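The values are calculated or read from the model by the stated rules, or taken from the named source; none is laboratory data. Just so it is clear, the structure is predicted and the values come from calculations on it, not from any experiment. Reconstructed Cβ throughout: ideal geometry from the backbone, glycine too, with neighbour counts over all protein chains shown. Side chains included, ligands, DNA and RNA excluded: accessible areas come from the protein's heavy atoms. Shrake-Rupley method; radii C 1.70, N 1.55, O 1.52, S 1.80 Å.
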Amino acid sequence: MKDYTLLQRKYLVNTYVNRGLTIVEGEGVYLRDASGEPYLDLMTNYGVNIFGHGHPVLTARLINQVRKLTTLHGSFANDQRAEAAQKLVGRCGGGLSQVFFSNSGAEANEAALKFAVLATGKKKFVACRNGYHGKTLGALSATDGRKFREAFEPLLWNFTVIDYNNLSALETALSDETAAFIVEPVQGEGGILLPDAGYLGHAGELCRSRRALLILDEVQTGTGRTGYFLASHPEGLFYDIVTLGKGLGGGIPIGATIVSQNIAERIPRSSHTSTFGGNPLAASGILGALEILDEALLAHVREIGGYFLENLLKIRSDLIVQVRGRGLMLGLEVKARRDEILKELQKEKILAIPAGDNVVRFLPPYIIEKDHLDWALEKIGGVFSALSPS
Ligand SMILES: Cc1ncc(COP(=O)(O)O)c(C=O)c1O
């Protein structure tokens, strides 16, 4: 059998960690290696394949659209794109009224930052420690972390970095020159870090008092991940700008920057465009995703996520510092040996991913059931017992 790990290492720029595993297909909650061995997918490609792999409704839509039309520049209208935008705005609510489509989470944030400059005429921003917004230069300016930024500094504009979940730090950092505060409703890459209830609402009020915008980066938390279409929905916010990506296209690359009318009106023609942005194939993925992601499935995410969290909390090990999360966005913080734990889980045919410096992150597909999790929980418990026998 060909060694694709080797081939990939030879011919691709090696910016990624090597998991030493070749995946060639997926079905439901499982991914399969080249020999057909199944792995329980508790990471969904960093939160993308929210309905698992090969969902029949989504697959049928995408195949149908591939036959009809895959790309079409935004200067032409298209049925899939127009309806995807209309339905997405409807699902977001909170005063959001227009969408800019791109192709990734980082691009969604690039657009958000540019739109904030265009709408306010200001170029200063506030972002959070441990925040992650992507690695293109604009998004990277808002992303925290020496290892990501050091080689590229100075980055764009003027970003003040403050502690997450700290309203008085935000109040101090905001000035009349601030264009926007960019923040995640739950910090994902930073380590599944949860703010206090009401944090986002108060942050929004503080921003309004300084005529700054609030950019909510829901790339990881959005499209149902925490059991609500937007993680911020329970807070009943009135939004300026929300960014989405990851699972929004049901597995097809997508980014979306959704803005209020006020902001949309201040964005001039040609100020921001993308050849692939809002292509009919990705738009049909959005329509499929919005159709599948109904209230019943969101309720399932809340319930099954609660079950997973409750049972992860029962695992006893000296290595575990804390288990936390919302819906199907869960993190298990350990004192040490995080990467070893991920490797051992992989040996047990469970795929999880890292977050922050010491967190094992689980982002399972929304179709996961108790049986899958019971099987996984036994294996996870076994890995911890083997690594730190009590
Ligand atoms: C909150 C958040 N914003 C932005 C991004 C960047 O998305 P992408 O990798 O699609 O550019 C990510 C990716 O993990 C993310 O979690």
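What order do Thr143, Thr70 take when sorted by accessible area (1.4 Å probe), most exposed first? Walk me through the intermediate numbers first.
Working: Thr143 0, Thr70 60 Å².
Putting Thr143, Thr70 in descending order of accessible area: Thr70, Thr143.
Before anything else, pin down the relative contact order of the stretch 1-81: Cα pairs under 8 Å, at least 6 apart, normalised by residue count, whole percent.
Taking the mean separation of contacting Cα pairs over the length of the stretch 1-81, I get 18 percent.
Looking only at Cα atoms, what is the convex hull volume of the chain per residue, in Å³? Don't jump to the answer; show the numbers that get you there.
Numbers: hull volume 56.4 nm³, N = 390.
Given the Cα convex hull of the chain, per-residue volume reads 145 Å³.
Accessible surface of Glu235 in the full protein assembly, 1.4 angstrom probe, to the nearest 10 Å²?
So the heavy atoms of Glu235 present about 70 Å² to solvent.
Please determine, in degrees from 0 to 90 and to the nearest 10, the orientation of helix 105-120 with respect to the longest principal axis defined by the Cα atoms of the chain, where the helix direction is its Cα long axis.
Approximately 20 degrees, to the nearest ten.
Given the protein chains as shown and a 1.4 Å probe, how many square angstrom of Lys335 are accessible, to the nearest 10?
For Lys335, the solvent-accessible surface is approximately 140 Å².
Can you give the percent of C-alpha pairs in the stretch 340-390 whose distance is more than 15 Å?
49 percent
Once you have all Cα-Cα distances for the stretch 1-83, histogram them in 5 Å bins from zero and send the whole-percent values.
Computed distribution, short to long bins: 3, 11, 16, 15, 16, 14, 14, 8, 3, 0.
Can you give the relative contact order of the chain as a percent, counting alpha carbon pairs under 8 Å and 6+ residues apart? Before the final figure, lay out the partial values.
Details: 779 pairs, mean separation 86.4, N = 390.
Value for the chain: 22 percent.
With every protein chain left in place, what is the accessible area of Leu69 in Å² (1.4 Å probe, nearest 10)?
70 Å²
I want to verify the translational diffusion coefficient of the stretch 295-390 in µm²/s; compute it with Stokes-Einstein, Rh as the Kirkwood radius over Cα pairs, at 25 °C and 0.890 mPa s.
183 µm²/s
Give me the distance between the Cα centres of the stretch 65-123 and the stretch 314-390, rounded to whole Å.
35 Å
If you add up the charges near Val29, with Lys and Arg at +1 and Asp and Glu at -1, over every other residue whose beta carbon is less than 11 angstrom from its beta carbon, what do you get?
-4
What does the charge count around Asp3 come to, taking other residues whose C-beta lies under 15 Å from its C-beta (Lys +1, Arg +1, Asp -1, Glu -1)?
Value of the local net charge: +3.
Tell me the Rg and the Dmax, in Å, that the Cα atoms of the stretch 252-336 produce.
When restricted to the Cα atoms of the stretch 252-336, Rg and Dmax are 20.0, 58 Å.
Grab the alpha carbons of the stretch 235-376, take their convex hull, and tell me the volume per residue in Å³. Don't skip to the answer; put the middle values down first.
Details: hull volume 23.9 nm³, N = 142.
So the per-residue Cα hull volume is 169 Å³.
Sort Phe100, Phe238 by heavy-atom solvent-accessible area, probe 1.4 angstrom, most to least. Present the calculation step by step, with values, prior to reporting the outcome.
Numbers: Phe100 35, Phe238 150 Å².
So, going from the largest accessible area down, we get Phe238, Phe100.
Kindly flag which residue pairs out of Lys147/Lys379; Lys2/Lys349; Lys135/Lys347; Lys135/Lys314; Lys87/Lys114 have an alpha-carbon separation exceeding 26 Å in this structure.
Too far apart for the 26 Å limit: Lys147/Lys379; Lys135/Lys347; Lys135/Lys314.
Give the ranking of Glu218, Glu177 by solvent-accessible surface, highest area first, calculated with a 1.4 Å probe.
From most accessible down to least: Glu177, Glu218.
Ignoring everything except DSSP H segments at least 4 long, calculate the 222 nm mean residue ellipticity for the chain; use -39,500 (n - 2.57) per segment, divide by total residues, nearest 500.
Calculated mean residue ellipticity at 222 nm is -11000 deg cm²/dmol.
Using modelled backbone amide H atoms (1.01 Å from N, in-plane), which distant-in-sequence or interchain residues come within less than 5 Å of Glu25's amide H?
Here the answer is Arg32, since their amide H atoms fall under 5 Å of that of Glu25.
Looking at the square roots a ≥ b ≥ c of the eigenvalues of the Cα gyration tensor of the stretch 94-191, which shape do they give, rounded for a/c under 1.5, prolate if a/b is larger than b/c, or oblate?
Rounded, because the longest to shortest axis ratio a/c is under 1.5.
Looking at the square roots a ≥ b ≥ c of the eigenvalues of the Cα gyration tensor of the stretch 11-166, which shape do they give, rounded for a/c under 1.5, prolate if a/b is larger than b/c, or oblate?
Taking the square roots of the gyration eigenvalues as a ≥ b ≥ c, the stretch 11-166 is oblate.
Measure nothing but the geometry: give the 0 to 90° angle between the long axis through the Cα atoms of 280-292 and the longest principal axis through the Cα atoms of the chain, rounded to 10°.
The helix 280-292 is inclined about 70 degrees to the chain.
Mind jotting down the distance between the C-alpha centroids of the stretch 176-215 and the stretch 248-293, whole Å?
First find each Cα centre; the distance between them is then 22 Å.
Shape call for the stretch 216-283 from the C-alpha gyration tensor, a ≥ b ≥ c root eigenvalues: rounded (a/c under 1.5), prolate (a/b greater than b/c) or oblate?
It comes out oblate by the Cα gyration axes.
With Cβ to Cβ distances under 11 Å as the rule, what net charge do the other residues near Phe148 carry (K, R +1; D, E -1)?
Within the 11 Å Cβ shell, the charges total 0.
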